[in-house]
Amino acid sequence: MPRVVKDLRVDDAPSLDVLLRRMDDAGGFSAKGVAQGVDLLVRILSDEEMTTFLSFPADIVATGTRGVLETLVRGGYVEAVVTTCGTLDHDIARSVGAYYHGDWNLDDAKLYRQGLYRLGNLVIPRSHYGRPVERLMQRLLQRRYRAGARKLSTRDLVWTIGEELGPKRGRGSLARAAFERRVPFFVPGITDGAVGSQLWMFWQTHREFAIDLFDDEQKLSDLVFEAKRSAAIMIGGGISKHHTIWWNQFRDGLDAALYITTAVEWDGSLSGARTREAVSWGKVKTTARHTTVEGDATVLLPLMVGAALERLRR
């Protein structure tokens, strides 16, 4: 018997979970996909034997969506994070100084003269970005080097950043949450950002120092092969998404995969590739629960995680 489409009621101020359930009943195009994504998210987060990977790019860390990511890390809902160098840049900068609301149509040449960066419809003072990252990075690298460290994995580096920020400045920080919860953060493209540039600058006068990416890869291997089941919550594409599914192919694929993207499929990009394409590569199991939700993660992730956690609390 086919399901009947129901009108969506919002006049009784439903909770997030109730609203998302009603969106599924409403059968409305993307709305149904979002609701089904919440169902899968609940299954992933409630499975205590699931090793869950969280991957995302840096741009959303510049927004308040960082708070949703921090909730997943600090709440112990994920066992590993795969992200980009820019995540560390924004996490440090926002822990030290403020980012501000802007507009998509601001005069970029004028912003440049005023010492302001524009990231979409956000504005970042230049003084809140480069110099704070430089000062914190050089300080912590000197400290670790004097203590005898000659190699750091990226997960060691992230925990060191979290430790350096401390509980006060690190409030809301992803690095601080990872340090306190001992959640491994992997940054395979570590040189592609301000933090990476500071690592290179430090290396100019400390040639014995190195970033040990192979140690990260070994830890990823251990996580994958020791997992009874594995899942991925992937936001956006690029290296973060690929590194997550790449490693899980060695255990014959993910058991569950939730992907949120704004990219199109028809250009053949990894960012646009739906989870079903990963099945053909053995990166998602043929028996896996998986879905791709199309839309902006700064809108969808707070709604989906909020509804899922509400359901889990009940």
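The values are calculated or read from the model by the stated rules, or taken from the named source; none is laboratory data. Keep in mind the model is a prediction, meaning the values are calculated, not measured. Using ideal geometry, Cβ is built from the backbone for each residue, glycine included, and neighbour counts are taken over all protein chains shown.
Within segment 195-225, being under 18 Å from ARG144 (Cβ atoms) and aliphatic (A, V, I, L, M) holds for VAL195, LEU199, MET201, ALA210, ILE211, LEU213. With respect to (1) under 12 Å from the mean Cα position of the chain (by Cα); (2) within 18 Å of ALA297 (Cβ to Cβ), the lone exception for ALA31 is condition (1).
For segment 275-313, the candidate set comprises residues that are polar (S, T, N, Q) and in contact with a helix residue (DSSP H, G or I) (Cβ under 8 Å, 6 or more places away or on another chain); within that set, the residue that is surrounded by the fewest Cβ atoms within 10 Å (Cβ to Cβ) is THR286. For segment 105-131, taking the residues that are free of Cβ contacts under 8 Å to residues at least 40 places away in the same chain and of a type in the set (Gly, Ala, Ser), the one that is surrounded by the fewest Cβ atoms within 10 Å (Cβ to Cβ) is identified as ALA109. Taking the criterion of being in a loop (DSSP other than H, G, I, E, B) and among the hydroxyl-bearing types (Ser, Thr, Tyr), the residues of segment 261-286 that qualify are THR262, SER269, SER271. When we screen ARG229, ARG313 for residues that are modelled with pLDDT under 95 and not acidic (Asp, Glu), the only hit is ARG313. The combined condition, being under 24 Å from GLY120 (Cα atoms), touching a Phe, Trp or Tyr at 6+ places or on another chain (Cβ under 9 Å) and at pLDDT 95 or above, is fulfilled by THR63.
Checked against the criterion of being surrounded by fewer than 21 Cβ atoms within 10 Å (Cβ to Cβ), touching a Ser or Thr at 6+ places or on another chain (Cβ under 7 Å) and either under 19 Å from ARG313 (Cα atoms) or not aliphatic (A, V, I, L, M) (or both), segment 41-49 contains not a single residue that satisfies it. In segment 189-206, the qualifying residues are those that are farther than 20 Å from ASP91 by Cα and of a type in the set (S, T, N, Q), and the one that is farthest from the chain's Cα centre (by Cα) is THR205. Annotation: of all residues in segment 212-242 being assigned to a helix (DSSP H, G or I) and of a type in the set (Ser, Thr, Tyr), the one that is surrounded by the fewest Cβ atoms within 10 Å (Cβ to Cβ) is SER221. Looking only at residues in segment 243-261 that are of a type in the set (S, T, N, Q) and under 15 Å from the mean Cα position of the chain (by Cα), which one is surrounded by the most Cβ atoms within 10 Å (Cβ to Cβ)? My answer is THR244. Exactly one residue among VAL10, VAL42 is aliphatic (A, V, I, L, M) and assigned to a loop (DSSP other than H, G, I, E, B), and that residue is VAL10. Among the residues making up segment 134-148, those that are surrounded by 15 or more Cβ atoms within 10 Å (Cβ to Cβ) and aliphatic (A, V, I, L, M) are LEU136, MET137, LEU140, LEU141. Among the conditions (1) surrounded by fewer than 18 Cβ atoms within 10 Å (Cβ to Cβ); (2) out of contact with any Leu (no Cβ under 6 Å at 6 or more places or on another chain), the only one that THR83 does not satisfy is (1).
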